[in-house]
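These notes are about the structure you will find just below.
The values are calculated or read from the model by the stated rules, or taken from the named source; none is laboratory data. Nothing here was measured: the structure is a model prediction, and the numbers come from that model. Cβ atoms come from the backbone with ideal geometry, glycine included; neighbour counts cover every protein chain shown. Accessible surface areas use protein heavy atoms only, side chains included; no ligands, DNA or RNA. Shrake-Rupley method; radii C 1.70, N 1.55, O 1.52, S 1.80 Å.
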Amino acid sequence: MQEVIVVYSMSEPGGAGGGGGGGRSGRTVDAADRAQLERAPVPLRRVAALFAPYRWQVATVMALIVVSSVVALATPFLVRQVIDEAIPRQDVTLLAWTVAGMVAVAGTTAVLGVVQTWLSTTVGQRVMHGLRTAVFSHLQRQSLGFFTRTRGGEVQSRLTHDIGGMQSVVTSTATSLASNATTVIGTVVAMVALSWRLSLLSLLVLPPAVLLTRKVARMRRAVTAQRQRSLAELHAQVEEGLSISGVLLGKTLGAGPVQSQRFADTSADLVGLEVRSQLAGRWRMATMSIVFAAIPALIYLAAGLPATSGGMTIGTLVAFTGLQGWLFRPLMGLLDVGVTVTASMALFSRVFEYLDLPVEIDDPVTPVPLDPARVRGEVRLEGVSFTYPEGHRPALAGVDLTIPAGSTLALVGETGSGKSTLASLVARLADPTAGRVTIDGVDLRDLSLATVAGVVGVVSQETYLLHTTVRENLRHARPGATDAEIEEAARRAQVHEVVAALPDGYDTVVGARGHRFSGGEKQRLAIARTLLRDPRVLVLDEATSALDTGTERAVQAALDEVSRGRTTITIAHRLSTVRGADRIAVLAGGRVVETGAHDELVARGGRYAALVAAGERDVVLAA
């Protein structure tokens, strides 16, 4: 029997898919996954459609799994042949052939496994590539409202973690399930072929053993979850109690003893949970050891009893025991199939939720052709009203304005009066809920988004620079721009000397969010970037509000240069900007309450005059 034990211990890890799912036993469906699928169910046909272009590769992977599993089942039969025939008869030829067969089986399954992994990984990566690019492109088409409503980390999580998790679904989970199913079915058939009596015994003993193991695994999972929560609480108490602010608060409130007692209580709870976790783990290992030892022991007992042996040979017993060792782990994996499928479908659900988001601002079916180079730049707002989706009152209501081509309009008003909303409608970052915005008589909604971006340029208060060179930051506005054009735009924005003085000039990396440059320099780079696009309509959204007076003068000079000959809409915040405008529109409560030139409005003594008086000279107007 020593031979039997040695052969069994060597055979147990083998077999196609023999280890699949063993480490995941006892899992339960995550409540968050179930809730996700209830909120956004995923039709299986939609998931299958992702793999439709790769149907032949998928079919090949499935075929390789089946062939590999079937080929691997030959090993126990070869072992029986060696023990029952070759060794007792001293048949060297038969022994050589059977041993060669064992090596051939191992080599074949290994090669098939490599090919299967290559194919499944290739298909998985291509599907993930398609999903990543589709989600990224779709999200880029979303309105700004979506990004203000969505946490920044949520978008990154779905693009990276969720789609990354789906990678394991299509390359590991699906193939593991197929492999486990094939292995279980093939192993049961082979066991019945070897000995139906022992097969009946195995199938009677195995279910209780599987259920016991799953129960112990669930216990450990529950204890581990409690331990993780306690650890998180402990870390939070350390962060709160031992940070500078936490220590200062504790000292000034005399809360040190209370914090120490809370920490001691949490630590004591963690001690008990750690002991329970380790014991649960030992119980699981002990249960697994008992299962793997008891089942072969019962098989040996049945094989040794005259009533149940049926004249079984030693070789058959060894082969059967080896097959029994291959059955347990894939069976555990199949029992977890519900959990695996739910978790996998929840990932698809989260990604499809983003793909199904409606595009609020989109290209028209048939865009009106408009050459940005031929645009005059007359802007009209005709009965424009706008209400934010979550808003309780209109941000704009019945606005009528005409900005002649080449003129400058300044928008002033208190916070929440609708200035930025109006500017965003002109740039078509949003569409009016009533009325229309036109350029040269054409409704912006009838133009393609690319055309609008070519006609309307925006310089905002928050300048965003990419983490690349100055040259590439500027070229981002117009990829085909030459180096000479880039430098000319920088000169007109009065930032060329600053860039030229850098160690690497225009090839200097600006750093994260442009940390190498001051606020005024970043604004001038943004102006140079806009100049490269050469838009006929320019929207200046508080472009100098965060700058000191000296820097503001330099930036304003650059803005004056970029505004020359263009239709310019400025959200004004300093008197110097307001005085130079051809026309000023005063907004209050989403409505235009006054329009006119600076001197005219001051003389009128209305709301604008009050703003000027409150602001004194160059003090910032309420914006």
#### Entry: Residue list for region 590-609, filter: open to solvent by less than 50 Å² (accessible area, probe 1.4 Å) and within 21 Å of residue 425 (Cα to Cα)
590, 592, 594, 595
### Query
With respect to the numbered conditions (1) surrounded by 15 or more Cβ atoms within 10 Å (Cβ to Cβ); (2) at positive phi, which one is the sole condition not fulfilled by residue 441?
(1)
### Message
Could you tell me how many of the residues in region 63-91 are of a type in the set (Asp, Glu) and either in a loop (DSSP other than H, G, I, E, B) or farther than 15 Å from residue 194 by Cα (or both)?
### Response
2
### Query
Going by the conditions given, is residue 142 exposed (fewer than 14 other Cβ atoms within 10 Å of the Cβ) and more than 30 Å from residue 67 (Cβ to Cβ)?
no
### Task
Please enumerate the residues belonging to region 118-135 that are farther than 18 Å from residue 165 by Cβ and free of Cβ contacts under 8 Å to residues at least 40 places away in the same chain.
118
#### Entry: Residues located in region 344-395, provided they are open to solvent by less than 30 Å² (accessible area, probe 1.4 Å) and within 17 Å of residue 42 (Cα to Cα)
344, 345, 346, 348, 349, 351, 352, 354
### Message
For region 138-154, give me each residue that is modelled with pLDDT of 75 or more and closer than 15 Å to residue 355 by Cβ.
### Response
138, 139, 140, 141, 142, 146
### Message
For the list (1) open to solvent by 60 Å² or more (accessible area, probe 1.4 Å); (2) of a type in the set (S, T, N, Q); (3) touching a Phe, Trp or Tyr at 6+ places or on another chain (Cβ under 9 Å), I need the number of the one condition that residue 57 fails.
### Response
(1)
### Message
Of everything in region 118-148, what is basic (Lys, Arg) and farther than 17 Å from residue 348 by Cβ? Give them in sequence order.
### Response
141
### Pairs with Cβ under 7 Å, 6+ apart, first in region 397-408 and closer than 12 Å to residue 438 by Cα, second surrounded by fewer than 16 Cβ atoms within 10 Å (Cβ to Cβ) and hydrophobic (A, V, I, L, M, F, W, C)
none
### Task
Return the only residue of 499, 470 being touching a Ser or Thr at 6+ places or on another chain (Cβ under 9 Å), without any contact (Cβ under 8 Å) to a residue 40 or more places away in the chain and not polar (S, T, N, Q).
499
## Note on the structure
Subset of region 397-441, residues in contact with a strand residue (DSSP E or B) (Cβ under 8 Å, 6 or more places away or on another chain), of a type in the set (Gly, Ala, Ser) and assigned to a loop (DSSP other than H, G, I, E, B), comes to 405, 406, 407, 417, 418, 427, 430, 441
### Query
Looking at 94, 159, 131, 139, which one is out of contact with any His (no Cβ under 9 Å at 6 or more places or on another chain), more than 30 Å from residue 389 (Cα to Cα) and in a helix (DSSP H, G or I)?
94
